[in-house]
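Participant: Submitted below is the structure of interest, expressed as structure tokens.
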Amino acid sequence: MAGFNLSSTFAEFKEQKNIDKPTLMSVMEDIFRAQLVRMYGSADNFDIIINIDKGDLEIWRNREVVEEVEDPNTQISIKEVHAIDDSYEIGEDFTEAFHLEDFGRRGILNLRQNLQGRIADIEKANLYNKYKDRIGEIFNGTVYQAWKREIVAHDEEANELIIPKSEQIPGDFFKKGDSIRAVIVSVEMRNSNPVITLSRTSPMFLERLFEQEVPEIFDGLITIKKVVRIPGDRAKVAVESYDDRIDPVGACVGVKGSRIHGIVRELRNENIDVLNWTNNLQLMIQRALSPAKISSIKVFEDERHIGVYLKPSEVSLAIGKGGSNIKLAGQLVGYEIDVYREVDEQEEEDVLLGEFNDEIEQWVIDALKGIGCDTAKSVLALPVSEIVKRADLEEETVLEVQRILRAEFEN
């Protein structure tokens, strides 16, 4: 096609986008044929020949030679043909090259815009199809931009994937060019654009990291039964082995913690408790609340609550910093866990907080019980600042509660 070089004019799309030759050729033929339809109403009498490798495009127009023209698109007069080649006769097909300039300036602009639009649509479809079946897989990429509200990561083809702030571990800090790992949690189309969302806070991310670091998990010799996390703070991973010869906890931790250290670093020093899974609920609760030692357990089936009784010295261990241990233990076993202090002989004069519900609001009592303070003396034994922090109560409220409780013993 004279004056038209496919390589320099259109083939840059092939270089910039990951599109195979047959698809690109089909797209280009479609847009040229569509433009011809706009110009002439039909393109059935046009032959379009594209050679991507050579960068050539040829368009040939076929018209029937007639005495008198009724349809200029499909017919040409014998007089006009003889001015070019007098060997043609009426009824024969006359074929001539259709040149780039025949499209006109506006037509060429439309061709280019349409090609850009079609290429963009194919690129979006390819990106969606690439990731739609990969939810739950680990993604390894490079940080392209680190914004306040999200991180934009690039894969090996410079496709964009996002990690919203809510899916980042507290303490995560990445800058452009850093390597980043996360798990693919969703792939969806929004306003015809594919959006691939990654997460570093999902329990699935921790599970996949264990699969990468522990061969026995990857091979199916050890099964991860459940993972619960407070991202960047603490996690509990329950594992089980069907082979009695394999210690699942020891295999996951590794010699001197060799296998778990890499995971901990990746998760910004998140404390990870690995424990043996069991279907025995009471034994599972004991393991979940480790390192605290439980004296007794009471299960309230209807209320989905569990009461655990501990010695006073064990209460803080069971609750953990900021209540993290008891919160994760509850998520692991599927119950809400209430902690109760065992009252020994020296504490017989103590009074249960429930006895003060006429003076102290019930939601305040529940908050105090949630941190293991179920008696008057257990509340009075703690500094105000610690109760404020652990129970998330106002200082004024805590002071008033302690005043009421102190008055009981003074009386």
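Participant: Quickly run through segment 99-111 and pick out the residues that are touching a residue at least 12 places away in the same chain (Cβ under 8 Å) and either open to solvent by less than 30 Å² (accessible area, probe 1.4 Å) or assigned to a helix (DSSP H, G or I) (or both).
Facilitator: Correct list: 100, 101, 103, 107, 110, 111.
Participant: I need the full set of residues from segment 58-79 which are assigned to a helix (DSSP H, G or I) and surrounded by 14 or more Cβ atoms within 10 Å (Cβ to Cβ), in order please.
Facilitator: Residue satisfying the conditions is 78 alone.
Conditions tested, residue by residue: (1) in contact with a Phe, Trp or Tyr (Cβ under 9 Å, 6 or more places away or on another chain); (2) under 26 Å from residue 236 (Cβ atoms); (3) not acidic (Asp, Glu).
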site	(1), (2), (3)
106	no, no, yes
122	no, no, yes
144	no, no, yes
153	yes, no, yes
157	no, no, no
204	no, yes, yes
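Participant: Based on this model, can you work out whether residue 115 counts as among the aliphatic types (A, V, I, L, M), assigned to a helix (DSSP H, G or I) and exposed (fewer than 13 other Cβ atoms within 10 Å of the Cβ)?
Facilitator: no
Participant: What single numbered condition from (1) within 30 Å of residue 239 (Cβ to Cβ); (2) open to solvent by 40 Å² or more (accessible area, probe 1.4 Å); (3) in a helix (DSSP H, G or I) fails to hold for residue 315?
Facilitator: (2)
Participant: Additional query: I need the full set of residues from segment 234-259 which are in contact with a strand residue (DSSP E or B) (Cβ under 8 Å, 6 or more places away or on another chain) and open to solvent by less than 20 Å² (accessible area, probe 1.4 Å), in order please.
Facilitator: 235, 236, 237, 238, 239, 248, 251, 252
Participant: Being in a helix (DSSP H, G or I), modelled with pLDDT under 70 and open to solvent by less than 40 Å² (accessible area, probe 1.4 Å) narrows it down to one residue among 13, 32; which is it?
Facilitator: 13
Participant: Has segment 342-364 got at least one residue that is surrounded by fewer than 20 Cβ atoms within 10 Å (Cβ to Cβ) and part of a strand (DSSP E or B)?
Facilitator: Within segment 342-364, one or more residues are surrounded by fewer than 20 Cβ atoms within 10 Å (Cβ to Cβ) and part of a strand (DSSP E or B).
Participant: Considering only segment 162-272, give the helices (runs of 4 or more DSSP H) lying wholly within it that have at least 2 residues that are touching a residue at least 40 places away in the same chain (Cβ under 8 Å) and over 25 Å from residue 131 (Cα atoms).
Facilitator: Ranges flagged: 258-266.
Participant: Given the criterion surrounded by 14 or more Cβ atoms within 10 Å (Cβ to Cβ) and more than 15 Å from the chain's Cα centre (by Cα), identify the matching residue among 168, 145.
Facilitator: Going through 168, 145 in turn, the sole match is 145.
Participant: Among the residues that make up segment 396-403, is at least one of them touching a strand residue (DSSP E or B) at 6+ places or on another chain (Cβ under 9 Å), within 23 Å of residue 313 (Cβ to Cβ) and crowded, with 16+ Cβ neighbours inside 10 Å?
Facilitator: Within segment 396-403, none of the residues are touching a strand residue (DSSP E or B) at 6+ places or on another chain (Cβ under 9 Å), within 23 Å of residue 313 (Cβ to Cβ) and crowded, with 16+ Cβ neighbours inside 10 Å.
Participant: Looking at segment 35-57, which of its residues are surrounded by 14 or more Cβ atoms within 10 Å (Cβ to Cβ) and in a strand (DSSP E or B)?
Facilitator: Within segment 35-57, 46, 48, 50, 56, 57 qualify.
Participant: Let me ask something else about it. Among the numbered conditions (1) modelled with pLDDT of 95 or more; (2) surrounded by fewer than 15 Cβ atoms within 10 Å (Cβ to Cβ), tell me where residue 129 comes up short.
Facilitator: Only one criterion is unmet by residue 129, namely (1).
The values are calculated or read from the model by the stated rules, or taken from the named source; none is laboratory data. All values reported here derive from a predicted model rather than from experimental measurement. Positions of Cβ are generated from backbone atoms using ideal geometry, with glycine treated the same way; all protein chains shown enter the neighbour counts. Surface areas here come from the heavy atoms of the whole protein model, side chains and all, with no ligands, DNA or RNA. Shrake-Rupley method; radii C 1.70, N 1.55, O 1.52, S 1.80 Å.
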